[in-house]
1. In Å, what Rg and Dmax follow from the Cα atoms of region 179-229?
2. Could you estimate the translational diffusion coefficient of the chain from the Stokes-Einstein equation, with Rh from the Kirkwood formula over C-alpha pairs, at 37 °C and 0.692 mPa s, in whole µm²/s?
3. About its Cα centre, what dipole magnitude does the chain give when the only charges are +1 on Lys and Arg Cβ and -1 on Asp and Glu Cβ, stated in debye to the nearest 20?
4. Using a 10 Å cut-off around each Cβ, can you sort 276, 3, 87 from fewest to most neighbouring Cβ atoms?
5. In Å³ and rounded to a whole number, note down the convex hull volume per residue for the Cα atoms of region 136-281.
6. What is the pair-distance distribution P(r) of region 92-197, computed from all Cα-Cα distances in 10 Å bins starting at 0, with each bin given as a whole percent?
7. Over region 2-93, what is the relative contact order in whole percent, taking alpha-carbon pairs under 8 Å and six or more residues apart?
8. Sorted from fewest to most neighbouring beta carbons within 10 Å, what does the list 172, 107 look like?
Amino acid sequence: MRIADINTVDLEQLHALSIGVGWPHRADDWQFARDLGKGVVALDEVGRVLGSAMWFPHGEDFATIGLVITSPRLQANGAGQWLMEHILAQIPECNLGLNATRAAKRLYRSLDFTAEAVVFQCQGEAFSPAEVEIPASVELRALDMSDLSAVAALDKEAFGADRTVLLSRVLLASSGLGLIRNGKIEAYSFCRRFGRGYVIGPMSAASDADAIAISRPHIAEHTGKFLRLDTREKSGAFSDFLSDCGLLVFDTVTTMSRGRPWPEARERRPAGTPKIYALAGHALG
């Protein structure tokens with residue numbers, strides 16, 4: 001096996017790799033990831049892609065790791081650790097976060113990652129959501145590139161790192177909504193094509209009520225279609241709302257960190273403080 005830059009291989013090879021392990025990523029989803037991050041692939045002697053790993057910088061000292069995949073026949077031979085060690089050598093001073101499948105948690109623990117929180121992968125054919133009363137003082141409107149700085153500032157407060165680069169790419173690829181109160185964006189949500197259908201995320205709000213209000217239009221627009229939302233909200237009004245809309249928990253992953261704790265995943269935030277209600281994706285946080 002040899003290591004190569006992920007940008008040197010054909011998208012269809014990456015698509016075949018993810019299909020081989022049952023992941024839903026389309027070729028377009030791989031390109032979205034390559035536009036945002038850096039990565040490597042493991043190639044065999046005839047150039048077949050048998051493994052991948054990527055990292056995504058957010059600000060100056062934090063990055064998320066994702067799309068760490070090895071073909072089934074290599075999973076027992078240390079290929080995942082080999083790929084991870086290569087990535088860690090590229091970003092030795094960076095604080096890191098990732099979302100680990102159950103099968104991968106042991107590997108990441110061996111590399112000094114610490115468990116922080118559980119992510120619930122909620123998905124299904126969306127039901128028409130119940131009406132939600134929006135106060136007269138609140139406005140919901142579409143977001144565009146002129147809103148980038150305001151959305152990035154809100155996201156940084158909620159996420160704990162600067163994701164301006166990610167959000168600028170998401171704005172171009174998604175339908176975005178902002179919840180405006182007193183002339184200020186206090187919640188945002190995005191919805192884009194992904195996998196079997198569509199994914200809602202990233203999304204930030206300061207309360208379950210705002211999270212419901214800012215996600216409901218996306219669910220209504222995609223009623224009858226396959227929809228996914230990844231959240232750390234285990235219970236409460238927002239969790240109940242997702243269930244009522246047909247987005248049931250399909251699987252879970254574990255948020256883990258190396259270096260400083262990942263504030264967005266660990267901290268118990270005071271009421272009224274923005275937090276991430278929907279991840280941008282397992283790889284992107």
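Computed from the coordinates by the stated procedures, all read-outs in this text should not be read as laboratory data. Quick caveat, the model's predicted, so the values are computed rather than measured. Positions of Cβ are generated from backbone atoms using ideal geometry, with glycine treated the same way; all protein chains shown enter the neighbour counts.
1. Radius of gyration, then largest Cα-Cα span, for region 179-229: 11.6, 38 Å.
2. Values: Rh = 19.3 Å.
The Stokes-Einstein estimate is 170 µm²/s.
3. Details: 30 positive and 34 negative charges, 118 e Å.
Around 560 debye, computed over the chain.
4. Least crowded to most crowded, the residues run 3, 87, 276.
5. In region 136-281, the Cα convex hull volume per residue is 120 Å³.
6. With 10 Å bins starting at 0, P(r) equals 11, 30, 35, 19, 5, 0.
7. That works out to 26 percent.
8. Values: 172 12, 107 18.
Final ranking by Cβ density, sparse to dense: 172, 107.
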